[in-house]
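For reference, the structure is listed below as structure tokens.
No value in this document is a laboratory result; all are computed from the given coordinates. What you see is a predicted model, and the numbers here were worked out from it, not measured in a lab. No Cβ is skipped: glycine too gets one built from the backbone with ideal geometry, and neighbour counts run over all protein chains shown.
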Amino acid sequence: MSTGRGSDGSAGDADYATIGGGYTTYRRPEPAFESAIAAALGDARTVLNVGAGAGSYEPRDREVTAVEPSATMRAQRPVALPPAVDATAEALPFADGAFDAAMTTFSVHQWADLEAGLRELRRVATGPVVVMTCDPDLLDRFWLHGYAPEVIATEARRYPSVDRVAAGLGGEVEVVGLPVPLGCVDRFGEAYYGRPEGLLDPAARRANSAWSFVGPEVEERFVERLGADLASGEWDRRHGHLRTQPTYDGSLVLVVSRPKRR
């Protein structure tokens, strides 16, 4: 990954000055995921949210400090939320143990130095560190693999293994799978498991950074083929059961690190 920052300060490999506009229309907090994060944070009162983006998963009932390097994403934060600090995960401007807990969602795959960022999260948190991410070994379960394998391959290269995240955090680590609801309002890739028509929307694809790493010919082929299969009924013959499946066990996980008991 790149060690520089994008044109709006974005850290890592995705430039949100290009793809971040309108992000909040598609990437809203999913209540089921919010509940899982809240449970993992336990009774933490002060929470650091790193790679906070537009603030989707920041708990509203706790004292949250947000860190977000992208000016485009900081500008989309609701006025009810405090402004985010312009910093990166690898160099957090906070003292050791400054927070009861730390969290990051859909972010670790964009960090220039994963291990450095994880060490920083662990350094500033006295309690749990909660990471919502995707397990790259499970990405090819998604039907998109049959239509745009380049996108799945890109995601698999970008997302670090769960074992690597766990090792980087240390402590007592728990990995919890997060089933994706059929009506998931956080429209990352797998949120479309039962509503494939949604991914024909170019803005929906743009809200998922992996599409920015494949060429326009991949998107054109995807749209043409999926559109044809939806029109002919082929997609439904293969995957139609997903349209009414309440949840989907895909690649989404919470990695939760707690300090070792003494």
Report the FRET efficiency, 1/(1 + (r/R0)^6), for Asp96 and Trp143, where r is their Cβ-Cβ distance and R0 is 51 Å, rounded to 0.05.
0.65
Residue with peak Gaussian network fluctuation, the chain [Cα springs, cutoff 10 Å], from Asp137, Asp61, Asp249
Asp61
Using θ = phi - 60° and the Karplus curve 6.51 cos²θ - 1.76 cosθ + 1.60, what whole-Hz ³J(HN,Hα) does each residue of segment 136-143 get, with Gly and Pro shown as x?
x, 6, 10, 5, 6, 5, 6, 4
Connecting C-alpha atoms closer than 10 Å in a GNM of the chain, tell me which of Ser212, Ser35, Ser107 has the biggest fluctuation.
Ser35
Give me the distance in nm between label points sitting 7 Å out from Cα along the Cα-to-Cβ direction at Ala167 and Ser232, one decimal.
4.5
Bins of 5 Å, starting at 0 and running to the largest distance - Cα pair percent for the chain:
1, 6, 13, 18, 20, 17, 12, 7, 4, 2, 1, 0, 0
Amide H partners (placed H, <5 Å) of Val85, local residues excluded:
Ala66, Val67, Glu68
Net dipole in debye of segment 127-262 [+1 Lys, Arg Cβ; -1 Asp, Glu Cβ; about Cα centre; nearest 20]:
600
Gyration tensor verdict on segment 191-244 (Cα atoms; rounded if a/c is under 1.5, prolate if a/b is larger than b/c, oblate otherwise)
oblate
Contour minus end-to-end for Ala39 and Leu81, with contour as 0.36 nm per residue of separation and end-to-end as the Cα-Cα distance?
13.0 nm
With label points set 7 Å from each Cα along the Cα-to-Cβ direction at Arg225 and Ala203, the distance between them in nm comes to 2.7
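Expected output is a single nm value to one decimal: the length gained when fully extending between Ala116 and Val185, i.e. 0.36 nm times separation in residues minus the C-alpha distance. What is it?
21.7 nm
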For Glu174 and Arg60, FRET efficiency with R0 = 25 Å and r from the beta-carbon atoms, rounded to 0.05?
0.55
Return the distance in nm (one decimal) between the two label points of a simple spin-label model at Glu217 and Thr247, each offset 7 Å from Cα along Cα→Cβ.
4.1
Estimated dipole of segment 20-153 in Debye, rounded to 20 [Cβ of Lys and Arg +1, of Asp and Glu -1, Cα centre]:
340
